[in-house]
Amino acid sequence: MSTLMTPPTDDRPVILTGDRTTGPLHLGHYVGSLRNRVTLQHSHRQYLLLADAQALTDNAHDPAKVRRNVIEVALDYLAAGIDPSVTTICVQSALPALSDLTMLYLNFVTVARLERNPTIKDEIQVRGFGRDIPAGFLCYPVAQAADITAFKASVVPVGEDQAPMIEQTNEIVRRINRQVGRDVLPEARGLTPSIGRLPGVDGKAKMSKSQGNAISLSASDEEIAEAVHRMYTDPNHLRASDPGCVEGNVVFTYLDAFDSDREAVADLKAQYRRGGLGDVAVKRRLATVLREVLGPIRERRKSFECDPEYVLETLRSGTAQAREITAATHAEICAALGLFSL
Ligand code: TRP
């Protein structure tokens, strides 16, 4: 029997996704994407980007916050169950090929197209930029296209609000492929959770730290209890005996997202609709469920916090690996376009 000398080829689909390093992650991130990543890391070749360069596009006034949160988000990844022996975690600003690709791609995108991106439009409103939009901010969807294509990712687990970024990425991919005359880059598809977006505890559509309606992944039991206590329910459900509304009731939305006992949740919903189930009882159940989900995450985070050298080494080796992959893609695109080389 002859032994095969060639290394086994890895034909698993590639995942690339990431998070801006502007603050620790919360339950919205967990439901929107992180939970998917923990599940998919074994069946896919997964890369996670600590997107500090993108974070600067609307935080140029506070680089220290962006730097600090590189480690915070990395700790959240590890705590949530991302395993660095199968998932590569890397730091965006330490990957020059991503900037190189961004510069190239900017020539294949119009300013009008950038201004039409619905997520960018929303974010410009929310941030109150008015006419003073940082150019880096307007262009970040192109940088995100660079992130995704540099790893030749075909799957991008993200929340719903990121769908326009993937659409714009695929436009760039098709444009480059047409220019080159063959498919040098694969198109990517977004993977959004079936549960949709997790609302804030106040019932607002989006959970966000800056809105003060978030539960962080590292929340203590007391913080969980406090957040659940002030959670938005059915404003017309005044007495426990009144029939209540389940739709738009944040407590039930969260039970749908986190309670693994589907049957019990269905029973609770029926009882709530009929009347006879008080908010306090449903909230008590939710607080228990969230404590069970977040307890182990918080404990794991503590143990990684005690070992900063391990976390740093994980980022160093992940980034070194990512540097090779992204540089190779950049070189390949330059060659495919027929750019001058020495
Ligand atoms: N824009 C994403 C967010 O705000 C973060 C991000 C940066 C990203 N690069 C990416 C997501 C590439 C997916 C793919 O959370």
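The values are calculated or read from the model by the stated rules, or taken from the named source; none is laboratory data. Computed from a prediction, not measured in an experiment: that's the story for all the values here. Backbone-built Cβ (ideal geometry, glycine too); neighbour counts: all protein chains shown. All accessible areas refer to the heavy atoms of the entire protein, side chains included, with ligands and DNA or RNA removed. Shrake-Rupley method; radii C 1.70, N 1.55, O 1.52, S 1.80 Å.
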Q.
Taking every DSSP beta bridge with both residues inside the chain, roughly what % is antiparallel (nearest 5)?
A. 5
Q: For helix 140-150, report the angle its Cα long axis makes with the longest principal axis of the Cα atoms of the chain; keep it between 0 and 90° and round to the nearest 10°.
A: 70
Q) What is the extension gain from Ser220 to Ala240, computed as 0.36 nm multiplied by their sequence separation minus the C-alpha to C-alpha distance, in nm to one decimal? A) 4.3 nm
**Q.** Given charges at beta-carbon only (K, R positive; D, E negative), |dipole| of region 183-342 in Debye
**A.** 460
Q | lysines whose Cα lies under 25 Å from that of Lys283, excluding same-chain neighbours fewer than 8 positions away | A | Lys204, Lys206, Lys209, Lys269
Q. To the nearest 10 Å², what's Tyr272's accessible area with a 1.4 Å probe?
A. 0
Q. ³J(HN,Hα) across region 229-237 via Karplus (A = 6.51, B = -1.76, C = 1.60, θ = phi - 60°), whole Hz, x for Gly/Pro?
A. 4, 8, 5, 6, 10, 9, x, 8, 8
Q) Where does the longest stretch of the chain lie that holds no trypsin sites (Lys or Arg not before Pro) found in a DSSP loop with 12 or fewer other Cβ atoms within 10 Å? A) 1-130
**Q.** Charge dipole (the chain, unit charges on Cβ, about Cα centre) - positive-most of Ala219, Val289, Ala266
**A.** Ala266
**Q.** Mean projected area (nm²) of the alpha-carbon convex hull when region 1-149 is viewed from all directions
**A.** 11.5
Q | the chain - Rg over Rh from alpha carbon coordinates, Kirkwood radius | A | 1.02
Q. To the nearest 10 degrees, how steep is helix 279-305 against the longest Cα principal axis of the chain, on a 0 to 90 scale?
A. 40
Q: Working from Cα positions, state the angle (0 to 90°, nearest 10) between the long axis of helix 118-127 and the longest principal axis of the chain.
A: 70
Q. What is the set of long-range amide H partners of Arg20 at a cut-off below 5 Å, with H atoms built 1.01 Å from backbone N?
A. Ala51
Q | Modelled FRET efficiency - R0 35 Å, Asp256 with Glu167, Cβ distances, 0.05 increments | A | 0.80
